[in-house]
Amino acid sequence: MGERRVRVVLEASGGETVRRDGVFTEFTVARRAARSGLIVLVSVGLALLFVPIPIIHLLAIPMILLGGIAVAIRQLSVLGRLGPLRIACPKCSALNRIGGGLGVRSMGPRTQSCESCRRELVVRLEPPG
């Protein structure tokens, strides 16, 4: 599991960009498998909490188990995780949360909307420079 510096580029539709340095943590296959196993264990534990509750357990247990398995499968395909950052929107200058979470599947660009003005923003990861 290696950490490397990356430049996070936030682009808006008008061509304006904002750049900020960040840290990208790459996951090894063993680390991804461990994260997936932990998610399955947590979902099984959570499902066991609903066993003694009448009626609710009929839907809650299968939904929790299916959701846990789906998230665990997604974790197997995760490449790594960008450390949490706050970057200003190129249009309205409001701070947006980028990174954190469960991880990213590819280093390619992805879109998200601004938390303030709801404009579509493109997030790209580049080597520092």
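The values are calculated or read from the model by the stated rules, or taken from the named source; none is laboratory data. Since the model is a prediction, treat every value here as computed from it, not as a measurement. Note that we place each Cβ from the backbone using ideal geometry, even for glycine, and neighbour counts take in every protein chain shown.
Would a scan of the range 105-119 turn up a residue that is outside the structural domain of residue 44 (by TED's automatic domain parsing), out of contact with any Phe, Trp or Tyr (no Cβ under 7 Å at 6 or more places or on another chain), crowded, with 18+ Cβ neighbours inside 10 Å and not in a strand (DSSP E or B)? Within the range 105-119, one or more residues are outside the structural domain of residue 44 (by TED's automatic domain parsing), out of contact with any Phe, Trp or Tyr (no Cβ under 7 Å at 6 or more places or on another chain), crowded, with 18+ Cβ neighbours inside 10 Å and not in a strand (DSSP E or B).
For the range 12-40, which positions are under 20 Å from the mean Cα position of the chain (by Cα) and free of Cβ contacts under 8 Å to residues at least 40 places away in the same chain? Full working, then the answer.
So in the range 12-40, the residues under 20 Å from the mean Cα position of the chain (by Cα) come out as 19-40.
Passing the criteria: 19, 28, 29, 30, 31, 34, 37, 38, 39, 40.
Please verify whether the range 71-90 includes one or more residues that are more than 14 Å from residue 125 (Cβ to Cβ), of a type in the set (Lys, Arg) and surrounded by 14 or more Cβ atoms within 10 Å (Cβ to Cβ). Yes, the range 71-90 contains at least one residue that is more than 14 Å from residue 125 (Cβ to Cβ), of a type in the set (Lys, Arg) and surrounded by 14 or more Cβ atoms within 10 Å (Cβ to Cβ). Whenever a residue of the range 53-76 is within 20 Å of residue 103 (Cα to Cα), its partners that are modelled with pLDDT under 95 and in a loop (DSSP other than H, G, I, E, B), lying with C-beta atoms within less than 9 angstrom and at least six residues away or across chains, give the pairs 71/102; 74/102; 74/103; 74/105; 75/27; 75/102; 75/103. Residues that are at pLDDT 85 or above, among the charged types (D, E, K, R) and in contact with a Ser or Thr (Cβ under 7 Å, 6 or more places away or on another chain) within the range 71-118 comprise just one, 81.
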